[in-house]
Each structure stands twice: as structure tokens, then as C-alpha cells.
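Single-structure report; data block below.
The values are calculated or read from the model by the stated rules, or taken from the named source; none is laboratory data. Here the structure is a predicted model, which is why all the values come from computation and not from measurement. Every residue, glycine as well, gets a Cβ built from its backbone with ideal geometry; the counts of neighbours run over all protein chains shown. The area values use the complete protein model at the heavy-atom level, side chains included, leaving out ligands, DNA and RNA. Shrake-Rupley method; radii C 1.70, N 1.55, O 1.52, S 1.80 Å.
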Amino acid sequence: MPLPRWIGAAALATLTAFTLLAPPGETETRAGGTLTTGSAPSPALGGEAVAYTAYLPAGYDRGGARHPVLYLLHGRGDTMQAWTRVKTVLDDLIRTKRIPPVIAVMPDAPWSERGSWYTDSRYTGSDLPGRKVETALAHDLVGHVDATYRTAPIREARLVGGYSMGGAGALRFALAHQDVFSAAAVLSPAVYTPLPPGDSSARDYGAFGEGAAKFSDDVYRELNYPALLPELDPELPVRMFVAVGDDEYANPDPADARHDLDFESAALYNAARRSPAVSAQLRVLDGGHDWTVWTPAFEQAMAELGPGLSVTPPAGVPTPPHGTAATDWAGGVAAHADGSLTVGYAAGGPVGGTAAGQPHAGRLDAVITRTGANGWTRQLGTAADERLYGVAPLPDGGVLAAGYTKGDLDGRHPGNAADDAFVVRLGPDGEVRWITQFGAPDAADRLYGLAAAPDGGAYVAGYTKGDLDGRNAGDKDALVARLTPSGELAWLRQYGGPGEDKAYGVAADAANVYVTGSATAALPGTSALGGLDGWLAAFGTADGARTWATAAGGDGDDRLNAVTVTTGGLVVATGAVNGDAHTAAFDARGKRRWTHTLATPSADEGAAVAALPGGEVEVVGHTRGRVGVQAGGADVLTLRLDAKGGQRAAAQFGSARDDAVDPFAEPNLYAAPTPSGQVAVSGLTYGAAGPGNGDVFLATVTPETGLPS
């Protein structure tokens, strides 16, 4: 345990005796896991071995499964026995399935008279000869453990933790060795910025020394986290849990008050959370610099970080992505009978961008790209913004696309400066057949949902702030419209209450058009549930007359993002309720048949839903939790449900950064069934190696696994 100089000899003796109350012997078994000792040869130490205690989970000797590994670093003056006290914590966490069965390796660090700070020391004094402790543990020990135990030699299967001096070591290892460790439990870390206070023992043992000097300002700065954070690779995300007690030693020197470890831990957290490569949590517990803090902090850290450990690498986003050198946004996906796909996106951002050599009109342009042997790209735009929010296949091999424009996209709206809805039809060769632009002259109108009609026409949904079908009922009204095969508006209906109402998804069968969305107040035919409510409504295909409506949600903000009609005739809508992915099925008269909720401790949301054979559906959305193997940030969530709402499969895939969501955490993701029974998925990604900061991925997901094929 690293101890301030103010701790007296009697207290030190008591604390040391308490620390060493671990059972003696080479191997010990209690209820639960097993403690055993071993040694790892270390070339970095000139052939000297690294002694360690290992915790093996219950049943390790009877199984063949591989396990994640925790590397737990003790504090200054302590031994490898210190961490053995968390055996019961690990037993309980594994028994209650809060974490997967793990191996824990607790190395002994006797070098520099137990003040090594886990660095490769450059101090050459004969009293405390420097050793390459960092290399010995982060390289030699890890290699030995992977060769000796049933582990997975991947970073996603390794966590490093420590308290005090060990907390400083865990922080250093996680940031300097991103390719080795994916998570860090940093408890009461003895780290200081920019330099340790004058009375810190970090200055005494040569860990940050150079040559004959036991401490070098330059070496300390070089090894400390402010120098490491800017150099981190965002493609190797680090999950960090920082904890500290509220009764830490208060340095009596006013000049060093900032160096109290509760203050320094908060500073570390606030610096780390600003790195695109780090996701950080901070906890302040009641207690001081001892195990009254470290035991509960370790349990909380493992409950937070442990579920993300995996012996299987995460499934990535298929590359290369679509997009330009500027920021791009996903705008839809469609699958065709010949096996080709069409992906839509908004390209360019405020700095402009071109796709496949197409001319850029200005700001955001609408881009539609067909894959396959006869592929093509069409870029449409004005000097203002265009956004796509849907692509739908047509029987002739062409496509429909819909969204909004702030300009004169169809050539019949000169001087337009407000958002107008638009729908465009392209032939199989990518040539524009027609563009229909419509909306209130001086108010915003946007389309967020698109479905093709059997005759080649379209159903669209979105919102208007104007009076397109009588007077606007509130701030925004949802709208639903039918376009003929030639692009004429057959009918348009506004649906709204006194609040802000939006429609996001649309689907149709022979009799009804089904629309989903959100509302801040009660809509006609529904009751307010609290906060933002999701809703689903049916309108007749012939004239757009509303036939029924229902609300979904709880006390918080909820919404329904997408809807489809299954092969069994059910209407299935998906979105988020109470922060969980919510999917519900209704019959054609609006009677609920089943609901399904997928919940993790983090945010989960359904964004798209595709009908599969046999009445099944594939829900595609995003999660910041753990459904399969976490990739990092927000991941794409896939969920296969049978005809009665039973869960058949669930998975996630993604990059190290956010996928499927925009900077405002709104879903930016689309899905469509393919003729082969798979599901085409397209969405925004900030992590795939693409041409810009924000590109669009295109994947084909196998429903049996939920992962890209």
C-alpha cells in the first residue's frame, strides 16, 4: 500500500500485518475460485522471474473454456498477497453472473524496495538499481500467462487494475499499452500533475529518475498521463473506472493542496473523458486511502468494466465506407432482385464534398449509389442543404428516395429558403425520372420515412410546421402523403396535437398506411403518457383517412422510429421506451399482439425493422451496452424476433467509435430485407477507416447470427 510520509511506524506495522493476512502455502482452495502461485521468467529483468498469485475461477480445472484476465497491481510497500482479499468479491461477482468467469493475476513488485511505480526506471544508483518493471509486467508476464493458462491473447480479454502506486501503474499500462489492455480500474491513483508535491515518495525510489538523480521532472512528465492522452489511438478504445475516497490525506502545504488524491483523481477523470479513445467513470466513496475504499471500489469497477471483457474480438463495421472527405450522414438502403443494393446518404457538410466524381452543388447534397456490376452514383443538390431519409426499391429496378431540401431542387421553387419535402424517382440506370418538391412556403417541412407503393408510387411521412391540410394544430404536425407513380400528390394528411409531433417511419399493406413517430402532447385518438411519447397510427391507402392510433411509452422520453408489415400481416413498430429497445406488434385493427423489450444498463434503441420469412422480423438499432461483444461507443444492435415476439438472436457490431447514431445520440441507421433472406443495413459511422469524419457503412447481416456476413 503506498503510504504518505506522515504515517508513523506503528501504523505502518499494523497496516502491513493486516495486508499479509493471506493464507500461506503454494496453493489454496476455498469455496469458489482457487488461489495459486507461480513465476514468469522475464528477459526484461535479465532472466529474473516475476512472482505472482493467480485466482482461477470455480470449475477452471474441469472445463475447456478460455477466460479474460485481470492484472492487479499492488501499492507501494505491499506484496502480491494484498489483492488476495478480493477473492470473495470475485467469487460473488462470478456466481451472480455480474461478470464472466475471470482469471486474476496479482504480480509481486519488490523492485526499488517496493517503490517501482511500475516504470522502466532509468536510475543508475547502486542503492536502488533501476529495473524495467513496466516491460517485465506488460510484456513478459502477459506472454507467460497467455502461454500457461486458458486465456484469449487479445486486448478485449485483459483488464489492468491497481490502487495507489498500483493505480498509477494501471493507468500507465492502459494508456501506454493500448494494444495489450482494453480496460483499467484505477483506484486512488498516486498520480500528480504536472509534478508530484515536494513530500511525495514518488520522488524517492528512482522510478522517475535518470542517471544518478532519483527524480527527473522531464522523465515524470514524459511518463505521466497528460503526455499519453493526446497520443492515444481512438481505434483501440480504453474503458476506465476511477475511484477515490473522500477522506484522502490533505496536504498541509497550501501550495500542494491541489495534489490531494481526491483532487488529482477528479482531474484525471476530466482529462481522460475528453479523449476520443477513452470512456471514463468516476466514483467518490466514503473513506480514506485504504481497503475500506478499495474493496467496494473494486467491486463497482468490475461490475462496470467486467461485462465488457470478452475472449472473442468484436465484429467490425464492413469497409470501405461510402462518403466524402467531408461529414456525411446515412440516408437509406434498398435491396433489389438482382442482388444489388442501393445506399443513400447526405454528403458534403458545410465544406462540401463529391462522391464518385459527381459535381457538388453546395453544402449537403443527396447521394444515391447502386452497387454491383452495373452500379452508378447520382448526386443531387442545390446551393443549400439536402438530406436523405429513405430509399425504397421499385419493381422495375429503380428506386425512390425522400428527404428535404432548403433550395430549389425540382426547378419549380425559385427563391425557396425553408425546408421543403421532396421525393425523387430514379430508373434502374440511375437517371432521374421525376422530382416532387412540396411544402408550406414559409415553414419547415421534412420527410423522415418512405415506403414504395405496389404501383410504383410512394408513401412518405415526416412533419410540417405549416398548414398543408387545414390549420397546424401545434408547433409541428406529423404528415403522411401518397404520391402517384408519376410523382403527383394524391393526398396529404396532417396529424397533430398541441405539442411537437413528428413521423419517422412508414409502411403499408393493401388497406392501410402505418406511421410511427413521437409527440410531446396527446395526439387525437391517444392519451399522453408522460414526456415524449411514441405513437403508431393507421391511415387508409385510398384517401388517407385515419382509422386508429395508439401511444407507447412511460414517464420519460420515448419514441417509435420505424414500422414494417410482416409476412403474417402484423404491423411491427420499434423504437425506445424508458431507454430500452422496444418492439411491439399489432393487427390491422390496432390491437396489440405482443411486445418485446431488450434492455442493458446503457441506452438501447430500435431504429429500423425488416420483415423476414415466416412472420419474423429483424430489428436493427443501437446500443451502448453489452448484448454480444462490445466494439466501443455506440454499436449497431441486431435483434431477431419470431412471429410471436420471441427473441431468436441478438448481437452487436461496430467500430471503436460511435456507429448508428449522430452527435446528438439520435439514430442514423436503416435496414431492408434482401431477396436472399438477409438484411441490408446502412448507417453512420465515426470509426471505419473512411475518407471523412463521419461516413456511411453498408453491411449485409445474417439473421441467424445478427452479424455482417
When you count, for each residue, the other Cβ atoms within 10 Å and take the mean per peptide, how do 597-607, 361-371 rank with the highest first? 361-371, 597-607
Excluding ligands, DNA and RNA, what is the solvent-accessible area per residue of the range 301-409 at a probe of 1.4 Å, expressed in Å²? 32
Nearest 20 debye, what's the magnitude of the dipole of the range 491-599 about its Cα centre given +1 on Lys and Arg Cβ and -1 on Asp and Glu Cβ? 320
The range 71-139, relative contact order in percent, only Cα pairs under 8 angstrom and at least six apart counted: 30
Given the chain, what count of lysine pairs have C-alpha atoms under 19 Å apart, with each pair 8 or more places apart or on different chains? 9
Expressed in nm², what is the orientationally averaged projection area of the convex hull enclosing the Cα positions of the chain? 34.2
Taking protein heavy atoms only, a 1.4 Å probe, and rounding to whole percent, the accessible area of the chain owed to carbon and sulfur comes out at 52
Arrange the peptides 174-187, 272-285, 133-146 so that the one whose residues have, on average, the most other Cβ atoms within 10 Å appears first. 174-187, 133-146, 272-285
Assuming 1.567 mPa s and 4 °C, estimate D for the range 123-222 with Stokes-Einstein, Rh taken as the Kirkwood radius over Cα pairs, in µm²/s. 88
Distance in nm between label sites at ASP509 and ARG95, each 7 Å beyond Cα in the beta-carbon direction? 5.2
DSSP beta bridge pairing in the range 149-245, given as percent antiparallel to the nearest 5: 10
Explain nothing, just compute: Karplus ³J(HN,Hα) = 6.51 cos²θ - 1.76 cosθ + 1.60, θ = phi - 60°, for every residue of the range 494-511 in order, whole Hz, x for Gly and Pro. 9, 9, x, x, x, x, 9, 10, 9, 10, 10, x, 8, 8, 8, 10, 5, 9
Quick one: dipole size for the range 408-467, taken about the Cα centre, charges +1 on Lys/Arg Cβ and -1 on Asp/Glu Cβ, in debye to the nearest 20. 100
Considering amide H positions built from the backbone, and no H for Pro or chain starts, which residues 5 or more places from VAL278, or on another chain, come under 5 Å of its amide H? VAL238
In nm, to one decimal, how far is the ALA51 label point from the THR567 one, both placed 7 Å along Cα→Cβ? 6.6
³J(HN,Hα) computed for each position of the range 671-687 - Karplus, 6.51 cos²θ - 1.76 cosθ + 1.60, integer Hz, glycine/proline x: 8, 8, x, 9, x, 7, x, 8, 10, 7, 10, 9, x, 6, 9, 10, x
Once R0 is set to 30 Å, what does the formula 1/(1 + (r/R0)^6) return for the Cβ-Cβ distance between THR292 and ASP218, expressed as a FRET efficiency to the nearest 0.05? 0.20
If unit charges are put on Cβ atoms (+1 for Lys and Arg, -1 for Asp and Glu) and the dipole of the range 567-709 is taken about its Cα centre, the option from PRO601, GLY683, THR700 lying farthest towards the positive end turns out to be PRO601
From the alpha carbon gyration tensor of the range 418-576, can you work out the equivalent ellipsoid semi-axes (sqrt of 5 times each eigenvalue) and give them in Å, largest to smallest? 25, 19, 13
Using alpha carbon centroids, what distance separates the range 516-533 and the range 416-471, in Å? 24
Can you run phi through the Karplus equation (6.51, -1.76, 1.60; θ = phi - 60°) for the range 61-70 and list ³J(HN,Hα) in whole Hz, with x for Gly and Pro? 6, 10, x, x, 6, 8, 9, x, 10, 9
Please list the non-local residues whose amide H lies under 5 Å from the amide H of THR547, H modeled 1.01 Å from N, same-chain partners needing a gap of 5 or more. ALA538, PHE539, GLY540
Packing-based order for 400-408, 431-439, using average beta carbon neighbours within 10 Å, highest first: 400-408, 431-439
Nearest 0.05, what FRET efficiency do SER486 and ARG589 give at R0 = 22 Å with Cβ-Cβ as r? 0.10
Determine which residues of the range 415-432 fall in the zone a paramagnetic label at PHE664 would reach in this model, i.e. backbone nitrogen under 15 Å from the point 7 Å along Cα→Cβ. 419
Given an 8 Å cut-off on Cα distances and at least 6 residues of separation, report the relative contact order of the range 511-642 as a percent. 17
Pick out, in residue order, every one of the trypsin sites (Lys or Arg not before Pro) in the range 461-509 that is DSSP loop and has at most 14 other C-beta atoms within 10 Å; say none if there are none. ARG471
Residues ALA266 and GLU113, FRET efficiency given R0 of 35 Å [Cβ-Cβ distance, rounded to 0.05]: 0.70
Run the quick spin-label model on ALA603 and THR547: label points 7 Å from Cα toward the beta carbon, then report their separation in nm to one decimal. 3.6
Please work out the Cα convex hull volume for the range 26-156 and give it in Å³ per residue. 111
Take the alpha carbon atoms of the range 616-677, find their center, do the same for the range 220-273, and report the distance between the two centers in whole angstrom. 35
Geometric extent, Cα atoms of the range 355-403 - Rg, Dmax (angstrom): 11.6, 33
Size of electric dipole in the chain: Cβ of Lys, Arg +1 and of Asp, Glu -1, about Cα centre, debye, nearest 20: 1280
Whole-number percent relative contact order across the chain, with pairs defined as alpha carbons under 8 Å at least 6 apart: 8
